[in-house]
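Student: The structure's right below; bear with me while I get my questions together.
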Amino acid sequence: MGNSGRSEGRHLHMLLRQRVEGEARNIVDMHSNGWTAWAQLAKAYEPAQGVREAMARNKFAMMCTTKSKNPMDTRRASREL
């Protein structure tokens, strides 16, 4: 990660510390990088996100194994993701 990413990570960490409290604050305080803290907060408070991501990956994999007959079929399959 470049200097800009690190700087943004520190800024995000500072903002998170100002905005959250309770258990969320404990999660933020365990990480010095704001991006990591954000990911851990999302994992703790939005656990279904991991399930949705896995389902999307599975749909994509299934789409890759199905041959489209024409560009319209490909477009329709892409939209369904």
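Student: Looking for something touching a Ser or Thr at 6+ places or on another chain (Cβ under 8 Å), of a type in the set (Gly, Ala, Ser) and either part of a helix (DSSP H, G or I) or on the phi > 0 side of the Ramachandran plot (or both) - is there at least one such residue anywhere in region 22-32? Step through it out loud before you land on a result.
Tutor: Restricting attention to region 22-32, the residues satisfying the condition of being touching a Ser or Thr at 6+ places or on another chain (Cβ under 8 Å) are none.
So far as region 22-32 goes, no, none of its residues is touching a Ser or Thr at 6+ places or on another chain (Cβ under 8 Å), of a type in the set (Gly, Ala, Ser) and either part of a helix (DSSP H, G or I) or on the phi > 0 side of the Ramachandran plot (or both).
Student: Only one of these is open to solvent by 70 Å² or more (accessible area, probe 1.4 Å) and at pLDDT 85 or above: ARG79, ARG17, ARG6. Name it.
Tutor: Numbers: ARG79 fails: at pLDDT 85 or above; ARG6 fails: at pLDDT 85 or above.
Matching residue, one of ARG79, ARG17, ARG6: ARG17.
Student: Something else now. Look through region 58-76, keep the residues that are part of a helix (DSSP H, G or I) and basic (Lys, Arg), and return whichever of them is surrounded by the most Cβ atoms within 10 Å (Cβ to Cβ).
Tutor: Initially, region 58-76 is screened for residues part of a helix (DSSP H, G or I), giving 58-65, 71-76.
In the following step, the residues that additionally are basic (Lys, Arg) were identified as 59, 75-76.
Working: LYS59: 13, ARG75: 11, ARG76: 11.
Residue satisfying both the conditions and the ranking: LYS59.
Student: Can I ask one more? Tell me which residues, restricted to region 33-57, are within 15 Å of LEU12 (Cβ to Cβ) and outside any helix (DSSP H, G or I). Step through it out loud before you land on a result.
Tutor: Applying the first criterion (within 15 Å of LEU12 (Cβ to Cβ)) to region 33-57 yields 33-42.
Answer for region 33-57, where residues must be within 15 Å of LEU12 (Cβ to Cβ) and outside any helix (DSSP H, G or I): just ASN33.
Student: Go through (1) without any contact (Cβ under 8 Å) to a residue 12 or more places away in the chain; (2) out of contact with any Gly (no Cβ under 8 Å at 6 or more places or on another chain) and name the single condition SER78 misses.
Tutor: (1)
The values are calculated or read from the model by the stated rules, or taken from the named source; none is laboratory data. This one's a predicted model, so the numbers in the text were calculated from it and none came from an experiment. Cβ coordinates were reconstructed from backbone atoms using ideal geometry, including for glycine residues, and neighbour counts include every protein chain displayed. SASA here: full protein model, heavy atoms, side chains in, ligands and nucleic acids out. Shrake-Rupley method; radii C 1.70, N 1.55, O 1.52, S 1.80 Å.
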